[in-house]
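Novice: Below: one structure in structure tokens.
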Amino acid sequence: MTDPSEGATAMEARTRRAAVTARPLRELHRAARAVVLGLLLCCLLPVFFGWTTTVVLTGSMAPALRPGDVVIAAPVPAARIGALAPGAVVLVHDPAHPGGLLLHRFVGFNPDGTLITKGDANAIRDPRPVPRNALRGVARFRIPWIGTPKLWARDHKVLPLVALGFLLVALVVPGRSRTRGAAG
């Protein structure tokens, strides 16, 4: 017959191994949650201060900005638009696509005061001038890749969206502990 204390010792060893494995996983889970929440705050918090966040949808500003990057733009007071420096990345209401936004580099002013813009990856300037009142802001921060899910949704890529959804649920829902107390 086996000694009952041997079974208890084996159970204690399994419990210790489970605890040793679970701790790094809990720490990884906590760190991943902190990163996700931090990135969400970086994208959403500026809105409360009148700043605008937008997802880069095309490669027209590559290599400086890539599709999936989130850009945070600070508003420019109307009195300061004339002081806008060429080379600044501006967020404007897109004159070519009503209701859309355009994130391109500011090149200069036309004689009538409208803004001239150009995408870094484009060979020529944008064909339509941008009225001053269409300026939403100047890019101040870039958060790489965090807007990629918006691109997946636009392109109807369901699998990565579902996988991301499961990952987010796994990060938010606390894990169950497999160890039991003395009461069993």
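The numbers here are math on the coordinates, done by the rules we state, and not lab data. These numbers were taken from a predicted model, which means no experiment stands behind them.
Novice: Relative contact order, percent, of segment 50-143 when contacts are C-alpha pairs under 8 Å separated by at least 6 residues?
Specialist: 33 percent
Novice: Gap in Å between the Cα centre of segment 115-160 and the Cα centre of segment 54-111?
Specialist: If we compute the Cα centre of each part, the gap is 7 Å.
Novice: Seen from all sides and averaged, what is the projected area of the convex hull of the Cα atoms in segment 19-78, in nm²?
Specialist: If you wrap the Cα atoms of segment 19-78 in a convex hull and average its projections, you get 6.3 nm².
Novice: For segment 50-143, build the convex hull from the C-alpha positions and give me its volume per residue in Å³.
Specialist: Residue-normalised Cα hull volume stands at 93 Å³.
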